[in-house]
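Novice: Please see the structure below; I have some questions.
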Amino acid sequence: MSEGPLPPLTAIPASLRSLADYEARAPQHMTTQAWHHIREGAGREVTLRENRAAFDRIGLLPRAMAELDGDTRIDLFGRSHASPILLAPLAYMCLAHPEGELAAVRAAAALDTGMVVSTLASVSLEDIAAASRSLSQELGRPPAPLWFQLYLQPEREHSLQLLRRAEDAGYEAIVLTIDAGLKPAGIALPPGVDAVNLAGMPRPRQTSVPGGRILLGTPLTDAAPKWADLAWLRSATTLPILVKGLVLGDDARRTVDEGADGLIVSNHGGRVLDGLPSALDLLPAVAETVRDQVPLLLDGGVRQGTDVVKALALGARAVLVGRPQMHALAVAGMPGLAHVIHLLRTELEAAMAQLGCPRVDLLGPERLVALGA
Ligand code: FNR
């Protein structure tokens, strides 16, 4: 008889000391299918590996005996963030933990950390915002930054409904993901896990299989964003708009010219098109083009504080973490994810102290060296 996954831990054991520890433990707490879905990259996973390898090719250069009275706060769109680390949008967080996005947003609020909620969240966007607000209130703090990630829907009217709901629920920025139209992956959703925010809209094409439904490709594919869609979105909201996906050279400039307020340099965690370079390798060129105009964020492969340092030194204002959220939720729910955010933040602070750098905006390429060169 096969045994099911272990339930989430209710206390954090001392053996969990890094994001790698959570990742190593996560498979025990998930179905094999959920684990593979979360872990996998497209094709032969060249891009997935590059996302990590790019960080590992870079070394750090410390400054001796610097004054170290600083912190990791940053400002984004007029809002203070406790650190340059945000939670990336992830579909169906209930695959990792029964409370899914609610557990995630409580962890984010507890650590005063920005979270980007996916269109494909498995909890309603209103409930997620309410959970965030109520925990912040309980803690006597202003609400933690909450952004909404928009997948354009085949019907503009449905995209507009999502946008208005996000605005009404208090989301502070819109992240337009532009690369998912290419995404080939499918997943069997277990009963009870669904894209609840798309109720009443055309759903991802599904077929029933024992134990779940396979998403065969989605109407998102039909709705892959075009330049006109960005112009439409710009005219439809006054919230800051960030464009998420690989945006190269002239495209980066055009994205900003068309009204984007920020860019998230990302290859969707290596899940879209195998062979794309790592986001980190492409960041300096994008930074050269538009960093003076809009903040650049980066995701893909960020797993430790020194990775954050490297991304910031190459021109990112902040980073987002994806899969580690699912690992942490599966292993230990809300406290697990709060611990992971805390680990990343303290690792970042330790790295900056060891580098002799008091503030994140002082990080630049002169702190970096190519390893093995
Ligand atoms: C994602 N990603 C993603 N992006 C997005 O814009 N909307 C989404 O719904 C999802 N869903 C999603 C599910 C899962 C399981 C994964 C692993 C990723 C991409 C995500 O936001 C981010 O770009 C990458 O996960 C970053 O890479 P790392 O941190 O996972 O290496």
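Bear in mind these aren't lab numbers, they're just calculated from the coordinates by the rules spelled out. Everything numeric in this text was worked out from a predicted model, so none of it was measured. Positions of Cβ are generated from backbone atoms using ideal geometry, with glycine treated the same way; all protein chains shown enter the neighbour counts.
Novice: Based on Cα coordinates alone, diagonalise the gyration tensor for the range 99-185, multiply each eigenvalue by 5, take square roots, and list the semi-axes in whole Å, largest first.
Specialist: Working: eigenvalues 122, 37, 22 Å².
Ellipsoid half-lengths, sorted descending, are 25, 14, 10 Å.
Novice: Can you give the Kirkwood hydrodynamic radius of the range 13-84 from its Cα pairs, in Å with one decimal? Numbers along the way, then the final one.
Specialist: Working: mean 1/r = 0.0599 Å⁻¹.
For the range 13-84, inverting the mean 1/r across all distinct Cα pairs yields 16.7 Å.
Novice: Right, here's the next one. R0 = 45 Å: FRET efficiency of R79 with Q33, Cβ-based, nearest 0.05?
Specialist: Values: r = 38 Å, r/R0 = 0.84.
Once the sixth-power term is evaluated, E becomes 0.75.
Novice: Right, here's the next one. In the chain, what percentage of the DSSP-assigned beta bridges are antiparallel, given to the nearest 5?
Specialist: Details: 12 of 37 bridges.
Given both bridge residues lie in the chain, the antiparallel proportion sits at roughly 30 percent.
Novice: Let me ask something else. What are the equivalent ellipsoid semi-axes of the chain, built from the alpha-carbon gyration tensor (square roots of five times its eigenvalues), in whole angstrom, biggest first?
Specialist: Details: eigenvalues 172, 126, 88 Å².
Result for the chain: semi-axes of 29, 25, 21 Å.
Novice: Provide the net charge surrounding A144, with neighbours chosen by a C-beta distance below 13 Å and charges set as Lys +1, Arg +1, Asp -1, Glu -1. It would help to have the intermediate numbers written out before the result.
Specialist: Working: positive: R79, R106, R133, R141; negative: D112, E138, E172.
Taking every other residue near A144 into account, the sum is +1.
Novice: Here's a follow-up. Could you tell me which helices of the chain pass both thresholds, a Cα extent of 27 Å or more along their own axis and a mean Kyte-Doolittle hydropathy of at least 0.0, with helices taken as whole DSSP H runs? Walk me through the numbers on the way to the answer.
Specialist: On the way: long enough: 323-355 (33 Å, 0.51).
Passing helices, by number: 323-355.
Novice: OK, next. Starting from 0.36 nm per residue, how many nanometres of slack lie between L248 and Q137 once their C-alpha separation is accounted for? Present the calculation step by step, with values, prior to reporting the outcome.
Specialist: On the way: separation 111, 0.36 × 111 = 39.96 nm, distance 4.10 nm.
Extending this stretch completely gives an extra 35.9 nm.
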